[in-house]
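Okay, structure first, notes after.
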Amino acid sequence: MLPILLRERVNPGLGRRVMNFDEYEKKYQTRYAEFASVVRDILKKAIDGAEGVPRPQSIQYRAKEASHLKPKLGARGLLSSSSIEDEIKDLAGTRLIFYTNTDVDRFLNSRLIPENFEVDWDQTRIHHPTEENAKQRYQAIHYTVSLNEARTVLAEYAKFKGFRCEIQIQTILIHAWAETSHDITYKRFEGKGFGQRAVSSIEARLNKIMDDYPIRRPMTRMSERRWTGASRNWRDTISTCGGKRDRRSS
């Protein structure tokens with residue numbers, strides 16, 4: 001018997017392929033991984049070809065694993081959704097990790113991302129500690145992008161038309177703290193009611209490290225200016241263009 005081929009469904013208004021979880025798991029996860037690699041390559045070539053733009057410590061990319069996506073969809077009541085790509089914007093993800101906040105500022109001021117991609121400003125986020133998010137220590141900029149028309153008319157990029165990718169911009173110290181904190185407090189202790197006091201204690205200690213030690217101290221003045229709004233460069237640019245602050249999604 002011949003295998004059943006998955007037919008591609010397209011949202012005519014958005015130009016994005018419409019898919020449910022099973023379709024993502026069986027077919028599209030591989031394509032989103034390929035798309036994330038394409039975004040990484042475009043970024044790398046743009047950075048290498050630009051003068052005065054700091055080189056990142058690393059550029060990472062991935063497609064969201066189906067095993068991680070399924071519980072996320074379930075928690076949001078979206079497991080039966082027929083268009084998960086409209087709900088989850090980071091099915092493809094690329095992360096640029098810089099050495100310092102100064103490097104982040106210089107990269108953002110270069111405008112390489114809006115020059116090389118179509119940016120969805122309504123889905124672009126600036127994450128930093130606020131009262132509304134209980135002073136979460138995570139600090140980063142998350143762009144939501146797609147390939148622009150100049151690329152999607154080319155044969156090698158046509159199959160990625162309408163695909164979205166989240167590009168995260170952060171420093172190496174924030175990255176290390178976020179990865180360690182997430183692995184310890186979320187991945188290793190998933191059972192409710194078991195060891196929760198110990199997990200809370202570990203989380204409090206990690207937050208204290210973030211507040212008191214090398215992640216903040218070497219750049220306290222710059223961080224305070226940048227995250228409280230006294231510095232009006234890239235942050236105002238993003239806000240003016242419609243980017244949102246501190247609203248976590250996907």
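Here are some notes:
- Qualifying residue in the range 93-111 (condition: in a loop (DSSP other than H, G, I, E, B) and of a type in the set (A, V, I, L, M, F, W, C)): no
- Criterion: closer than 23 Å to I174 by Cβ and either over 18 Å from the mean Cα position of the chain (by Cα) or among the aromatic types (F, W, Y) (or both) - qualifying residue of T94, T102: T102
- Residue in the range 139-153 that is modelled with pLDDT under 90, part of a loop (DSSP other than H, G, I, E, B) and under 27 Å from P54 (Cβ atoms) present: yes
- First in the range 28-57 and farther than 17 Å from Q168 by Cβ, second anywhere and assigned to a loop (DSSP other than H, G, I, E, B), Cβ under 6 Å, 6 or more apart: Y28/M19
- Scanning the range 40-95 for residues that are crowded, with 19+ Cβ neighbours inside 10 Å, of a type in the set (D, E, K, R) and under 16 Å from K27 (Cα atoms) yields a count of 2.
- Residues considered: E85, E34. Of these, the only one that is more than 23 Å from Q139 (Cβ to Cβ), modelled with pLDDT under 95 and not hydroxyl-bearing (S, T, Y) is E85.
- Top-ranked residue of the range 137-175 - restricted to ones that are of a type in the set (A, V, I, L, M, F, W, C) and without any contact (Cβ under 8 Å) to a residue 24 or more places away in the chain, ranked as surrounded by the fewest Cβ atoms within 10 Å (Cβ to Cβ): A155
The values are calculated or read from the model by the stated rules, or taken from the named source; none is laboratory data. None of the values given here were measured: they were computed from a predicted structure. Positions of Cβ are generated from backbone atoms using ideal geometry, with glycine treated the same way; all protein chains shown enter the neighbour counts.
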